[in-house]
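K.L.:
Pasting a structure below so you can have a look.
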Amino acid sequence: MKEKDMDELSRKIQTCQQCDLGMVRKNPVIGEGSLDSKILFIGEAPGFNEDQKGKPFVGRAGNILNELLEHINLKREDVYIANILKCRPPENRNPKKNEVDLCTPFLDAQIDIIQPQILVPLGNFSYRYLFSKYNIPIDKISVDHGKLFKKQTILGVLHFFPMYHPAVATYNPNKITILLKDFETLDNFLEKPLISIHG
Ligand code: URA
């Protein structure tokens, strides 16, 4: 059932030409991982390597994400990894509002299919998008990273655990320490019932 729904969604994304990115991408990056995952990691948009391979987080940021997952004994196949935008913005520029408006129904559909317990926005862009969509007060990612937020939705209770984008560790090595600590905190939440609430 989940597989069938995700296959159908994938076909729509593969042929999507709603915005200009559809014309310039090499491959759309739909997402990958377990459809039964409790955790959904959400990055910003594919970069060069992701566009080449059609897979999320396979470049330098992906190596860091792999290291972070390994740190808490998770494999990529155990979680699901997606992005706000499914196609690469040229020169890795920030996503534009119309691109986000046109593309995020795909992410919403992925959330409906997977029904994760925890959404993990990776980076400021994803954090702002998800907090705004779910009406959670937005502060700064430097304040909210590594904390669990809880929200009642029509799907039931959803949890949010914002983190810095793994790419920050490529230009600021101190951030890897923070990311490792935040992954440890996430791991603690995964081991017990999700009851801690911020916001
Ligand atoms: N950065 C992202 O936000 N997503 C990817 O898939 C790769 C790099």
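The values are calculated or read from the model by the stated rules, or taken from the named source; none is laboratory data. Predicted model only: the values in this text are computed from it and were never measured. Here the Cβ is made from the backbone with ideal geometry for all residues, glycine too, and neighbour counts use every protein chain on show. Heads up: the accessible areas ignore ligands, DNA and RNA and are worked out on the full protein's heavy atoms, side chains in. Shrake-Rupley method; radii C 1.70, N 1.55, O 1.52, S 1.80 Å.
K.L.:
Probe 1.4 Å, all protein chains in place: accessible area of ARG128 in Å², nearest 10?
P.N.:
Only protein atoms counted, so the area is about 100 Å².
K.L.:
Got the relative contact order for the stretch 3-85 handy, in percent, Cα pairs under 8 Å and 6 or more residues apart? Walk me through the numbers before you get to the answer.
P.N.:
Numbers: 107 pairs, mean separation 30.9, N = 83.
About 37 percent, as a whole number.
K.L.:
Excluding same-chain residues fewer than 8 positions from LYS26, which aspartates and glutamates have a Cα within less than 19 Å of its Cα?
P.N.:
Partners found: GLU44, GLU50, ASP51, GLU91, GLU99.
K.L.:
Lys and Arg at +1, Asp and Glu at -1: add these up for the other residues within a Cβ distance under 11 Å of LEU107 and post the number.
P.N.:
Numbers: positive: LYS86, LYS133; negative: ASP108, ASP112.
Summing Lys/Arg as +1 and Asp/Glu as -1 gives 0.
K.L.:
Further, regarding this structure: Please report, as a whole percent, how much of the solvent-accessible surface of the stretch 2-187 comes from carbon and sulfur atoms (probe radius 1.4 Å).
P.N.:
Solvent-exposed carbon and sulfur of the stretch 2-187 make up 49 percent of the total.
K.L.:
Pairs of Cα atoms under 8 Å, at least six residues apart: use those to get the relative contact order of the chain, whole percent.
P.N.:
Relative CO of the chain lands at 22 percent.
K.L.:
First select every other residue whose beta carbon is under 12 angstrom from the beta carbon of ASP51; then total the charges, Lys and Arg +1, Asp and Glu -1.
P.N.:
Around ASP51, the charge tally is +4.
K.L.:
Just from its helices, what would the mean residue ellipticity at 222 nm be for the chain, if runs of 4 or more DSSP H residues each count -39500 (n - 2.57) and the sum is divided by every residue, rounded to the nearest 500 deg cm²/dmol?
P.N.:
Counting only the DSSP helices, I get -13000 deg cm²/dmol.
K.L.:
Any aspartates and glutamates with Cα under 19 Å of the LYS151 Cα? List them, leaving off those in the same chain fewer than 8 positions away.
P.N.:
In chain and number order, the partners are ASP108, ASP112, ASP139.
K.L.:
Can you tell me the length gained on complete extension of the stretch ASN135 to LEU35, counting 0.36 nm per residue apart and subtracting the Cα distance?
P.N.:
Full extension of this stretch gives 33.5 nm more.
K.L.:
Roll a 1.4 Å probe over the protein chains and send me the accessible area per residue for the stretch 2-187 in Å².
P.N.:
Working: 8850 Å² over 186 residues.
The answer is 48 Å² per residue.
K.L.:
Within straight cross-link reach of LYS4, meaning Cα distance under 22 Å, which lysines are found once same-chain residues fewer than 8 apart are removed?
P.N.:
LYS12, LYS38, LYS55, LYS86
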